[in-house]
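The values are calculated or read from the model by the stated rules, or taken from the named source; none is laboratory data. Everything numeric here is computed off the predicted structure, so don't read it as measured data. Glycine gets a Cβ as well: all are built from the backbone with ideal geometry, and neighbour counts include every protein chain shown.
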Amino acid sequence: MFLFAAAAAPLLPEWIVSLTTIAFANALVVLGLVVLWRVGLVSFGQALYYCIGAYVVALLARWTGLTDAFALIVIGGVAAGLVAVLIGFLLARYREIFFAMLSLALSMILYGVLVKTESLGSSDGFSVTTPTFLGYAPHREALGLSLYWLTLGVDAIAAVLVGAYFRSVAGALAAPIRDNEIRVEFLGVSVNSIIHAKVVIAGILGGLGGALAAMAIGHVDPNMAYWTTSGSFVFVTILAGAGSVAAAFVGSLVFEAVRSFAVDVMPGLWQMTLGSVLLLTILFLPDGLGSLVSRLKRRGEVQRP
Amino acid sequence: MSHRETVTRWALAGLAAATATIGSALAQTPAAPAAPPPVKLGIVSFLTGPAASPFGIPGRNGAEIVIEALNAGKAPAPFNTVGFGGSKIEAKYVDEAGTVANVVTEYRNLVQRDQVDAVIGYVSSGSCLAVTPVAEELKALTVFYDCGTTRIFEEKPRNYVFRVSPHATMDNVAAARYLVAKKKNITSFSGINQNYAWGQDSWRDFLGAMKVLAPKAEADKVLFPKLFAGEYGAEVSTLLTSKSQALHTSFFDGDLEGLVYQEQARGLDKRMTIIMTTGEAAIWRLRDKLPDGTIIGGRGANGPLARDTEINKWFQKIYTDRYNIPPTYPSYQMAQSLLGLKIAYDKAAKAGAKPTADQIAAAFKGIEFEGPAGHVKMMLGDGHQGITETAYGTYRFNKQKKEPEIVDIIRYPAECVNPPAGVEAEAWIKDGMKGAKCN
Amino acid sequence: MLITFAILTDGLVYAAYLFIVAIGLTLIFGVMKILNVTHGSFYAFGAYGAATAVGIYSNADWPAAAGFLFMLVLAMAIGLVMGLILERGLLRLVYGKDEVVIVLVTYATFLILEDVIVLIWGPQSYAAYQPMVSAGNIEIGELVLSNYDIVLVAIAAGLAGLAYWSLKFTRYGRLLTTVIFDRETAAAFGINVTLVYSATFVIGAMLGALGGAMMAPKIAVTLGIGVEVIVLAFAVVAIGGMGSIEGALVGALIVGICRAAAVHLVPQIELFVIYGVMALVLVARPYGLFVRAQPRKI
Amino acid sequence: MSAILAVRDLEKTFGSLVAAHDITVSVPAEQTVGVIGANGAGKTTFINMITGHLRPTKGGIWFEDQEITGKPSREITRLGISRSFQVAQIFPSLTVFDNVCVAAAIARRSGGMWGSITTPVRSPDATAEAEATIELFQIGRYRDTPANTLPQGVRKLLDIGMAVVGWPRLLLLDEPTSGISIEEKFDLMNVVMSALKTRKITVLFVEHDMEIVARFADRVLAFYDGTVIADGTPTDTLDSPRVQELISGVRLKPAAGSGGHA
């Protein structure tokens, strides 16, 4: 998919490239939510890591003048990951709606702090210095494409790793933990540490997404940590479904496309459009777009001799 | 490897979805009619959300009515030529609501997908700051109409971004000047501002200006309730326990009205004079609920604060006739921005052929003109940021005419409440507003 | 002294506001295990309905009190209708789905209703101040209290009492408590759970609308008022313990007092108070103050 | 050789309620011990303490001469004690194979979080082990059935299979036949016991049905009122008058404990 999308890029109009870049950056956050959702956990505060990743990039560029995209992304991801490690000690004890609520509270606290920080432009945020790529400093189309390809690259790596993780013991324990934590404990595994690990993975992915988004948008602001931002990530997760890694990316792209389309065609009523899409997905595609993927798979297998 | 295959399938599906939007977009913009080809404008403001009713909608209405007049060539001189450079204006209205990511995406869509010739809009300073670098990168002519932050032209010189409407500094400097003029021996004042950039900046400027103009007076209660908090009980009683003679607020619409209702129910305005830097936008809805004696600003000489010129009468009339409510400052700011752009465009179009963004930008720099809100000088930010005179007045609800009116208006020349070119607003206020010419 | 009094009264008023918004949410969660984002819409519709009602009655000159009642009644009627439509028409279809999925369903509904408001009332904002202004105020020392706020507190207290009484002493209340305690057993005992659900959701919706209606006179009824309320109500409910009425009451009081104290003493931290308190409480008591986790038996 | 499991003066109280007290038992390797007693006699409490689900108020537990008193259940499992449950604890949304395979993979993973992230769940030897266990418990024909649709008996076998797949040396079965019709009970126990014998696993099993106890146990512990009142060969224990008087009444209502939570 990524090779395909990468190859297609130069043929696409710029605005689609940038729309897709942002969509695929957000897809990383969604991928993290998918990791959590497989154990039946949903974070209404994933924007926390998204925002951390974004601000780390923006602040490094601003204070240290570091503009190398690759370095910035790694640092952004690591920073968010570290925060997730700390928060994880607390969060891993929670389940269901309580997990959701606590993560929401934490992200809202970050939001408050940022709004309070006038030196960082308060609610207006501040702009992100144009990134460079190992010394190469592109502009306009070139810049857009570089960011796009960078995002695809990160996405591809993330997709492969997460895919492998899903096939690992810790990854495969998701459904068992959702089904029956006690049994898992009696098989000799600490459920909380498994969940902690998932929180961290989701955090890193969130940070990476935020870092990429910050560069693609060129601006960061506290709203990146606001609960409605988390809400839209969860929204995409449901749209995509936890079925497959690919779903996260497709879901995110479809979401951006639909939103942009709605804003374009019915400026006053785009929320209604989004809501209806979500509703219909839940009602008629309970497992999200991912379930379509697996259906196609099945058909494919049938056709194969 | 069936994984990889399905993945590819999905890539296709995804791109299909994306292309669907281009398709629709193209369908959206009808084939250009017979020459001269229309000038496409993207007009962005809040069509949904809390900021729609106070700013977004009045702004859009202002655009609609003015564009109509311009296309009909019915605007008063010197704006009485058809559209922009003789070609009709075709406006596309877009919602500003959503995250900065959405705002930037929609901006790119306007410029790159819909190929608009210029974008006018943006209420939130956050949007303006986010859009600015993109506009510069895309070399797309952009005029901000309502956002007030000074950072846009202070952070970097800009080439394609303009703002006809003055920035927020003069609102609070003028507020301070008016307050000191009315209350010579003020000893204490308080402030209640929303806890986000707009509120914080407003208070910072006001406080700075007061330090300069009334060094004796000190700030007592400094309150920053959450944006859209809705309930101000605690704030009001805090203020009731204060000895301040005046209260500064940059609250707008929803929050402003809520505050007014709640403070009136508890008679706060009987204890201290309230200064509302954006009050003008609310007078037509608050009417007799807005306490008499409140000091009202309108982000410039807009609405009732505007001078009684021909063009102002004209704008007042066409707007009121259409929407049967008088225009408030966002409508004025939109009108000013459109008229400013028209002058620049016409100037650039003199060459004959459709002018390029660079030509218009070159023509736009440093122009001066008379708009409904008075005389505009594109003076700051190397000719990209306009300044105008501003005015403050005292509110009174005229029981006979059953109409709001603003009395003993004091006008402040642009140079009196704005920093000289090349000086940062905050610094200017800090070192005593040097070079302010208040005649 | 004055400050302390002010903090207490302000805290009480704010708590009343929070409780009125939160009670419907916690009721629905307690019985149906649904975290109802649509609650924000109920609040908004209640407020808009109230504004409309006030508009009508201030033209016809009826006594203020009557207008106030008219306002509340209309709002609750709206809540009733919306509740029925949503529960019967939509939620019914998704019962038994994952808790979180149902949250998303209500979130989607919330998004849709946000625009329905635009379709019905347009983007402009509405005022409904008459009841509050006509209620007047009383002076206590330097402090001036709005009678309307006092009414608000009274109504909140009334609601709390009513909720307590009906849960403990009415048949429906006892039904509810059994359902809350154990759905299966309740069903086994032949309690019509479906009916209880519908009733609960409708009541919750009416309470949400009521909250909006009672706040309407204090605020400008404008787009987006629902969003702010949701998270606020969530916080209160999470602090008190999901689904616990007394929890909602205590949660509201804690947040109310803390916020008032912050505004009077350290205005800088006002923004964090609610989430700070929420995080702290959740750290100490993962399930909120009034809810205990039951260890699973094997 | 010395005892694989030794328990000394074990006591568990919940507030004022004494659930178990003065339990002292030692079990030599490869012995099959039946545990009998009425509901609430302390059998499950006893098991729960050994497997670390409950922390004893007093006394100590030694497994292969290593003290495990109050260790968390997952550590105890790793040491080689495994258990099955009164109500089969399985993963309903997974197939039988996946149930067993997950269990096998967990048992085989190289230690630590990193280990469980890096080792694939369907590693060759985990898969092989899972297949073997499924064969051993003769549930091959259900291999790909989702667990939530399994008949009661198969659930039980699966539950025990998941406990056995990690090659434990001590296995505790909490009422393996509860909820099973009398006809099936013996077949089920035959399968289970032969499987355990082939793996040389020491077994403690709680059982209400005296015939089953008599048939399969080498030794019987009789619980009453939270402690052991008789301990010896099946015949000795079951015929001892106290047991007859206090417990064997259970025999008349064999399924009394079914589903109930002792």
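Taking the conditions exactly as written (within 12 Å of chain A (Cβ to nearest Cβ), within 30 Å of A:W37 (Cα to Cα), crowded, with 24+ Cβ neighbours inside 10 Å and not basic (K, R)), does C:V105 satisfy them or not? It is true that C:V105 is within 12 Å of chain A (Cβ to nearest Cβ), within 30 Å of A:W37 (Cα to Cα), crowded, with 24+ Cβ neighbours inside 10 Å and not basic (K, R). Against the condition assigned by TED's automatic domain parsing to the domain that holds D:V203, among the β-branched types (V, I, T) and either touching a Cys at 6+ places or on another chain (Cβ under 8 Å) or surrounded by 18 or more Cβ atoms within 10 Å (Cβ to Cβ) (or both), how does D:I50 come out, does it pass? The answer is yes for D:I50. Taking helices (runs of 4 or more DSSP H) as the structural unit, those lying wholly within segment B:131-214 and holding at least 3 residues that are more than 14 Å from every other protein chain (Cβ to nearest Cβ), surrounded by fewer than 24 Cβ atoms within 10 Å (Cβ to Cβ) and out of contact with any Lys or Arg (no Cβ under 9 Å at 6 or more places or on another chain) correspond to B:169-182.
When segment C:277-298 is limited to residues that are more than 21 Å from the chain's Cα centre (by Cα) and within 7 Å of another protein chain (Cβ to nearest Cβ), the one that is modelled with the highest pLDDT turns out to be C:V283.
Within segment A:129-142, if we keep just the residues that are assigned to a loop (DSSP other than H, G, I, E, B) and of a type in the set (A, V, I, L, M), the residue that is surrounded by the most Cβ atoms within 10 Å (Cβ to Cβ) turns out to be A:A137. The single condition from (1) touching a residue at least 24 places away in the same chain (Cβ under 8 Å); (2) assigned to a helix (DSSP H, G or I) that C:A262 fails is (1). Taking the criterion of being buried (at least 17 other Cβ atoms within 10 Å of the Cβ) and either modelled with pLDDT under 90 or part of a helix (DSSP H, G or I) (or both), the residues of segment B:356-378 that qualify are B:A357, B:Q359, B:I360, B:A361, B:A363, B:F364.
One residue stands out among those in segment D:108-136 that are in a helix (DSSP H, G or I) and crowded, with 21+ Cβ neighbours inside 10 Å: the one that is farthest from the other protein chains (Cβ to nearest Cβ), which is D:I134.
Is there a residue being under 22 Å from B:A197 (Cβ atoms), of a type in the set (V, I, T) and touching a Lys or Arg at 6+ places or on another chain (Cβ under 9 Å) anywhere in segment B:79-102? Within segment B:79-102, none of the residues are under 22 Å from B:A197 (Cβ atoms), of a type in the set (V, I, T) and touching a Lys or Arg at 6+ places or on another chain (Cβ under 9 Å).
Screening A:I195 against (1) at pLDDT below 90; (2) crowded, with 22+ Cβ neighbours inside 10 Å; (3) more than 7 Å from chain D (Cβ to nearest Cβ) leaves a single unmet condition, (1).
Among the residues of segment B:112-130, those identified as surrounded by 24 or more Cβ atoms within 10 Å (Cβ to Cβ) and in a helix (DSSP H, G or I) are B:S125, B:G126, B:S127, B:C128, B:L129, B:A130.
Here A:Y55, A:Y50 are screened, and the one residue that is among the aromatic types (F, W, Y), more than 28 Å from A:G171 (Cβ to Cβ) and buried (at least 24 other Cβ atoms within 10 Å of the Cβ) is A:Y55. Pull up segment D:68-107, narrow it to residues that are part of a loop (DSSP other than H, G, I, E, B) and touching an Asp or Glu at 6+ places or on another chain (Cβ under 7 Å), then point me to the one that is farthest from D:A29 (Cα to Cα). Applying the filter and picking the extreme gives D:S93.
In the set B:E257, B:E263, B:E280, only one residue is crowded, with 24+ Cβ neighbours inside 10 Å, assigned to a helix (DSSP H, G or I) and either of a type in the set (G, A, S) or away from chain C (no Cβ under 14 Å) (or both); that residue is B:E280. On inspection, C:V263 passes the criterion of being touching a strand residue (DSSP E or B) at 6+ places or on another chain (Cβ under 9 Å) and within 11 Å of chain B (Cβ to nearest Cβ).
All of D:T57, D:T45 fail the test of being under 18 Å from A:R183 (Cα atoms) and away from chain A (no Cβ under 14 Å), apart from D:T45.
Residues of segment A:1-42 that are touching a residue at least 24 places away in the same chain (Cβ under 8 Å) and outside any helix (DSSP H, G or I): A:M1, A:R38, A:V39, A:G40, A:L41, A:V42.
Could you tell me which residue of segment A:99-122 is farthest from the chain's Cα centre (by Cα), considering only residues that are at the interface with chain B (Cβ under 8 Å from one of its Cβ atoms) and over 19 Å from B:V134 (Cα atoms)? Looking at the filtered set, the residue picked out is A:E118. Has segment B:148-171 got any residue that is under 12 Å from the mean Cα position of the chain (by Cα), farther than 20 Å from B:E415 by Cβ and assigned by TED's automatic domain parsing to the domain that holds B:Y329? Yes: segment B:148-171 contains one or more residues that are under 12 Å from the mean Cα position of the chain (by Cα), farther than 20 Å from B:E415 by Cβ and assigned by TED's automatic domain parsing to the domain that holds B:Y329. Within segment A:263-280, residues that are within 18 Å of A:S252 (Cβ to Cβ) and facing chain C (nearest Cβ under 7 Å) reach partners that are among the basic types (K, R) and buried (at least 19 other Cβ atoms within 10 Å of the Cβ) with beta carbons closer than 9 Å, at six or more positions or on different chains, in the pairs A:L274/A:R259. If you check B:V119 against the conditions, is it in contact with a strand residue (DSSP E or B) (Cβ under 9 Å, 6 or more places away or on another chain), at pLDDT 95 or above, of a type outside the set (S, T, N, Q) and under 24 Å from B:F46 (Cβ atoms)? Taking the combined requirement at face value, the residue satisfies it. All of B:A69, B:A77 fail the test of being surrounded by fewer than 22 Cβ atoms within 10 Å (Cβ to Cβ) and either in contact with a helix residue (DSSP H, G or I) (Cβ under 6 Å, 6 or more places away or on another chain) or in a helix (DSSP H, G or I) (or both), apart from B:A69.
Answer yes if at least one residue in segment D:81-88 is among the β-branched types (V, I, T) and more than 30 Å from D:T237 (Cβ to Cβ), and no otherwise.
Within segment D:81-88 (the criterion being among the β-branched types (V, I, T) and more than 30 Å from D:T237 (Cβ to Cβ)), the answer is no, since none of the residues qualifies.
Report yes if some residue within segment C:140-159 is within 14 Å of chain A (Cβ to nearest Cβ), closer than 16 Å to C:G46 by Cα and not small (G, A, S); otherwise report no. No, the conditions are met nowhere in segment C:140-159.
The sole residue among C:A66, C:A128 that is out of contact with any Cys (no Cβ under 6 Å at 6 or more places or on another chain), aliphatic (A, V, I, L, M), within 29 Å of C:T9 (Cβ to Cβ) and not in a helix (DSSP H, G or I) is C:A128. B:A353 meets each of the listed conditions (1) surrounded by fewer than 17 Cβ atoms within 10 Å (Cβ to Cβ); (2) more than 30 Å from B:Q115 (Cβ to Cβ); (3) out of contact with any Phe, Trp or Tyr (no Cβ under 6 Å at 6 or more places or on another chain) apart from (2). Looking only at residues of segment A:222-245 that are within 9 Å of chain C (Cβ to nearest Cβ) and aromatic (F, W, Y), we find that the one that is farthest from A:S107 (Cα to Cα) is A:F235. You will find that of A:F89, A:F126, the residue that is aromatic (F, W, Y), surrounded by fewer than 23 Cβ atoms within 10 Å (Cβ to Cβ), within 14 Å of chain B (Cβ to nearest Cβ) and in contact (Cβ under 8 Å) with a residue 12 or more places away in the chain is A:F126 and no other.
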